[in-house]
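Data block below; observations after.
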Amino acid sequence: MALAIFRHAIAMVFRNFIEVIKLSLAPIVLGLALYGVIDFILAIPLTESRIGAAYGGWASDPDLMMPVVAATVATLAILLFVFSWIAVLWHRFILLEEYPALLPRVPAASLWGYLWRTLLLGGLTMLLTIPAMWAALLLIRLAMIDTAMGMVIGWGICLVCFALVLAIGLRLALILPAAAVGRPVSLRQSWAETRPACRTILVLSGLLILIKVAGWILVGRTLGPTIVGAFAGLMIDWLMIFIGVSIVTTLYGHLIEGRPLP
C-alpha cells in the first residue's frame with residue numbers, strides 16, 4: 001500500500017502541475033516581497049546573516065546581533081506563512097476540488113488554524129529529533145565506526161532515526177488537512193486513526209527520506225555548488241514539499257473520510 005500511495009502522490013503533483021504552479025506563484029512572490037522589505041529595513045543581506053550565524057561573529061557584536069536574530073525570526077515566519085498558504089490551497093484543491101486562481105484566496109480561519117498546527121507539529125517533531133539524533137550518535141560511537149563501511153552504517157542509522165521521527169510526524173499530521181478543509185481533528189484522533197496504517201506510514205517515511213537524499217546527492221555530484229545547482233536543489237525541495245503534502249492528503253482522505261485508495 002505504501003508504494004501505491006507514494007506513486008499516487010507523485011502522479012497527483014505532475015498530473016495537476018499547472019495548478020501546482022498557479023497556487024504556488026502568488027504566495028512565493030508575496031513571501032519574496034516581504035523578505036525584501038524586511039531586508040531593506042534591517043539592512044542585512046541574507047548572505048551576511050548566514051555568514052554571521054555560521055561563524056558566530058554576530059554573537060560578539062551587539063550592533064549586528066539583534067538585526068541578525070530579527071532577520072532570522074522574520075525569515076522563518078515568512079517561510080511558515082508561505083508554506084501554510086500553499087499547503088492549505090493544495091489540500092482544498094485535492095479534497096474539495098477548489099481550483100486555484102492566479103491570485104488564490106483561502107479562508108482566514110483555515111489558514112491561521114493551519115499555521116498554529118504546523119508550529120505545534122514542528123515543535124513536537126523537533127523535540128523527538130533531538131533524542132533520536134543523540135541515540136544515533138551514541139550507537140555510532142559504540143560501534144567505533146571509522147571505516148568507509150562504518151560511515152555507510154552510520155548514515156544508515158541516522159536515516160533510520162529520521163524515518164522513525166518522520167513516521168511519528170506523519171501519524172500526527174492528519175490535523176493539517178483537517179484544519180485546511182474546516183473539519184478539525186485532534187492529535188489524539190490523528191494518532192488513533194493512523195494506527196492501522198503505521199507500517200505503511202513507516203515505509204512512506206523511508207521513501208521520502210531516500211528520495212530527498214538521492215536528489216541532494218544527484219544535484220551535488222552533477223551540478224556542484226553553482227547557481228544552477230542551488231536552483232535545482234530548490235526545485236527538488238519544492239516538489240518534495242508537494243509530494244509530502246499529497247501523501248498526508250491521501251492518508252487523510254483514506255483514513256478519515258473513507259475514500260478508496262487509487
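For ARG195 and LEU124, compute 0.36 nm times the residue count separating them, minus their Cα-Cα distance, and round to one decimal in nm. Could you put the intermediate results ahead of the total?
Values: separation 71, 0.36 × 71 = 25.56 nm, distance 1.85 nm.
Length gained, ARG195 through LEU124: 23.7 nm.
Contour minus end-to-end for VAL228 and SER186, with contour as 0.36 nm per residue of separation and end-to-end as the Cα-Cα distance?
Residue separation times 0.36 nm, minus the Cα-Cα distance, leaves 10.9 nm.
Every number in this text was worked out from the coordinates using simple rules, so none of it is lab data. All of these numbers come straight from a predicted model, not from anything done at the bench.
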